[in-house]
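Below is one structure, written out as structure tokens, with a few remarks after it.
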Amino acid sequence: MPTTLPRRGALRLLPAFLLALFVRPARAGDPRLSEIWRCGGGDCPGYEYHPRDGDPEHGAPAGTAFQDLPADWYCPRCGAGKPDFRRMGD
């Protein structure tokens, strides 16, 4: 049995790894951690980004404020960019 990932599988993990290198979690008392951001992109079923939970599968560890995500971060459900997200409660 092979113990390494197939090349295609390993390459899929590379963007998440690079994102994790540059994204710094916010401090626990940061008020931005209580903000919830909802995707408004095209056919999206309403993905919500919760900063306290982050998006570890896409390189955003728990405690990463939405504003601290890189500009090229995208909705994991529909691929919409950060400009398509709206802060809930506004």
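The values are calculated or read from the model by the stated rules, or taken from the named source; none is laboratory data. Everything quoted here is computed from the prediction, not taken from an experiment. Neighbour counts run over all protein chains shown; Cβ positions are idealised from the backbone, glycine included. Heavy atoms of the whole protein, side chains included, go into the accessibility calculation; ligands, DNA and RNA do not. Shrake-Rupley method; radii C 1.70, N 1.55, O 1.52, S 1.80 Å.
Considering each residue of segment 12-24 in turn, at least one proves to be of a type in the set (Gly, Ala, Ser), at pLDDT below 70 and in a helix (DSSP H, G or I). Working only within segment 57-90, note down all residues that are surrounded by fewer than 13 Cβ atoms within 10 Å (Cβ to Cβ) and either at positive phi or free of Cβ contacts under 8 Å to residues at least 24 places away in the same chain (or both). Ala71, Asp72, Pro83, Gly89, Asp90, listed by residue number.
Residues in segment 48-71 that are over 14 Å from Ile36 (Cα atoms) and within 10 Å of the chain's Cα centre (by Cα): 7 in all. Scanning segment 33-56 for residues that are open to solvent by 80 Å² or more (accessible area, probe 1.4 Å) and of a type in the set (D, E, K, R) yields Arg38, Asp43, Arg52, Asp53. Restricting segment 32-67 to residues that are in a loop (DSSP other than H, G, I, E, B) and over 16 Å from Phe85 (Cα atoms), the residue that is modelled with the lowest pLDDT is Gly59.
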